[in-house]
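The values are calculated or read from the model by the stated rules, or taken from the named source; none is laboratory data. Please read all numbers here as calculations on a predicted model, not as lab measurements. FYI the Cβ positions are ideal-geometry reconstructions off the backbone, even for glycines, and counts take in every protein chain you see.
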Amino acid sequence: MLSFLKVPEKIQPLSSKTEIDARYRYWRRHILLTIWLGYALFYFTRKGFNAVVPEILATGVMTRTDIGLLATLFYITYGLSKFLSGIVSDRSNARYFMGVGLIATGVINILFGFSTSLWAFISLWVLNAFFQAWGSPVCARLLTTWYSRTERGGWWALWNTAHNIGGALIPMMMGAVALHYGWRSGMVIAGVMAIIGGLFVCWRLRDRPQSMGLPAVGEWRHDALDIAQQQEGLGLTQKEILYKYVFANPYIWLLSLCYVLVYIVRAAINDWGNLYMTETLDVGLVTANSAVTMFELGGFIGALVAGWGSDKLFNGNRGPMNLIFTAGILLSVGSLWLMPFHTYVMQAACFFTIGFFVFGPQMLIGMAAAECSHKDAAGAATGFVGLFAYLGASLAGWPLAWVINLWSWNGFFVVISIAAGISALFLLPFLNAQAPRKRD
């Protein structure tokens, strides 16, 4: 069915170490740029809808209940598809899998912009969620195969900033288009951008280094940790690898449970933060949204610090940095909640700090899943934990709204504080799980 996504690269034999070094350096830069741009555009066709929701409500095309239904169905479909696409992407050519997925989301966004009935909106948005999941697992696999263990944190962190840049630009760009030309034009423009980006990905992206006649990245960089992972599971079939290194891997399950809790906090602050600001400070929506933007800015910096720190301070062990950042989530959430005085500056600073600490584990947990699994199951492992992440995001919707209605904002902060605290406990085994070991 998806055989066209398995087109092999043409292997070009290399004659010298100098040529290998040059080609590796060239393609590592270009692959990072391509997956960064591609994933940022995936974000445009995912979050662009959220940016034009006020305009959609103002035109009466949909109600609040309809919007909530679309959001819930999107999260559920996206989580399931992320896991399934992770399995398929491990056996597919990355450039076509990611590129075709991005083109598909672009077409769907354009059709969404021309639709009028609720059933058409629901069908298209569920289909969009299905293809949206074709981006992240591919990026995880490429980051695992093109960048070695002791340097991967920094490269992964750079890619991860696509979340924050996209999250910061979308409200401004889509909001401006919707204001001047209508929300339908905003959806169409986002779709056209995605189609162009998808064609670019198909042109510039490449699959594994070995498909281009290059040695494995661990061998090229003489990275013992990466070589050890590369040599695990030799002789096993793809099904055996999937079972042993994903389904029967206790570390993958621990990371999945931790991801549920981290995403509860992330989605709660993202989705409810502006309402909290308007109700506690009695500020306008623009001012409240500017404080939530600080959450994304903090996440941009936090992800870079987390990736760099896990490489340089802990030699590629993600466990200690993950634990530090989850403890930081608990402290920063507590600061926002228990602040003795409420001012815009102090609360915006708290949003920044929460974003700084949340986006560390948001990135590192996915990376740890790829590294605790098998090289040939990196997409499946990250897709599996991603399924649980979006289960957490869905719990921050209607269930958290119910908590707010019953116990007000105190109940809200109790829930996300408990989530942050338990997530830190789940990460304790990883202090040694990824630590370098002496080989016999």
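Within segment 168-209, being of a type in the set (Ser, Thr, Tyr) and either without any contact (Cβ under 8 Å) to a residue 40 or more places away in the chain or in contact with a Gly (Cβ under 6 Å, 6 or more places away or on another chain) (or both) holds for one residue alone: 181.
Go through the residues of segment 368-380 one by one and say whether even a single one is under 30 Å from residue 67 (Cβ atoms) and buried (at least 19 other Cβ atoms within 10 Å of the Cβ). No - not one qualifying residue is present in segment 368-380. A single member of 166, 198, 186 is assigned by TED's automatic domain parsing to the domain that holds residue 70, at pLDDT below 90 and either charged (D, E, K, R) or under 19 Å from the mean Cα position of the chain (by Cα) (or both), and it is 166.
Of everything in segment 140-161, what is farther than 16 Å from residue 91 by Cα, among the hydroxyl-bearing types (Ser, Thr, Tyr) and crowded, with 24+ Cβ neighbours inside 10 Å? Give them in sequence order. Selection gives 148 alone.
Once segment 100-120 is narrowed to residues that are surrounded by 24 or more Cβ atoms within 10 Å (Cβ to Cβ) and among the polar types (S, T, N, Q), the residue that is nearest to residue 53 (Cα to Cα) is 109.
Residues of segment 341-367 that are surrounded by fewer than 24 Cβ atoms within 10 Å (Cβ to Cβ) and either of a type in the set (Val, Ile, Thr) or without any contact (Cβ under 8 Å) to a residue 12 or more places away in the chain (or both): 341, 343, 345, 346, 353.
Residue-wise test of (1) more than 25 Å from residue 145 (Cβ to Cβ); (2) surrounded by 17 or more Cβ atoms within 10 Å (Cβ to Cβ).
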residue: 189; (1), (2): yes, yes
residue: 214; (1), (2): no, yes
residue: 228; (1), (2): no, no
residue: 232; (1), (2): no, no
residue: 248; (1), (2): no, no
residue: 260; (1), (2): yes, yes
residue: 272; (1), (2): yes, yes
residue: 278; (1), (2): yes, no
residue: 281; (1), (2): yes, no
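Considering each residue of segment 149-162 in turn, at least one proves to be farther than 20 Å from residue 39 by Cα and not hydroxyl-bearing (Ser, Thr, Tyr).
Quick check: anything in segment 343-351 under 26 Å from residue 226 (Cβ atoms), part of a helix (DSSP H, G or I) and not hydroxyl-bearing (Ser, Thr, Tyr)?
no
For segment 414-428, enumerate the residues that are surrounded by fewer than 20 Cβ atoms within 10 Å (Cβ to Cβ) and touching a Gly at 6+ places or on another chain (Cβ under 9 Å). 417, 428 - these are the residues of segment 414-428 that are surrounded by fewer than 20 Cβ atoms within 10 Å (Cβ to Cβ) and touching a Gly at 6+ places or on another chain (Cβ under 9 Å). Residues in segment 217-257 that are assigned to a loop (DSSP other than H, G, I, E, B), among the polar types (S, T, N, Q) and free of Cβ contacts under 8 Å to residues at least 60 places away in the same chain: 237 alone.
Among residues of segment 52-64 that are over 14 Å from residue 187 (Cα atoms), those with a beta-carbon under 6 Å from a residue that is outside any loop (DSSP other than H, G, I, E, B) at least six positions away or on a different chain give the pairs 62/56. Selection of segment 305-335 for residues being hydroxyl-bearing (Ser, Thr, Tyr) and surrounded by fewer than 16 Cβ atoms within 10 Å (Cβ to Cβ) yields only 335.
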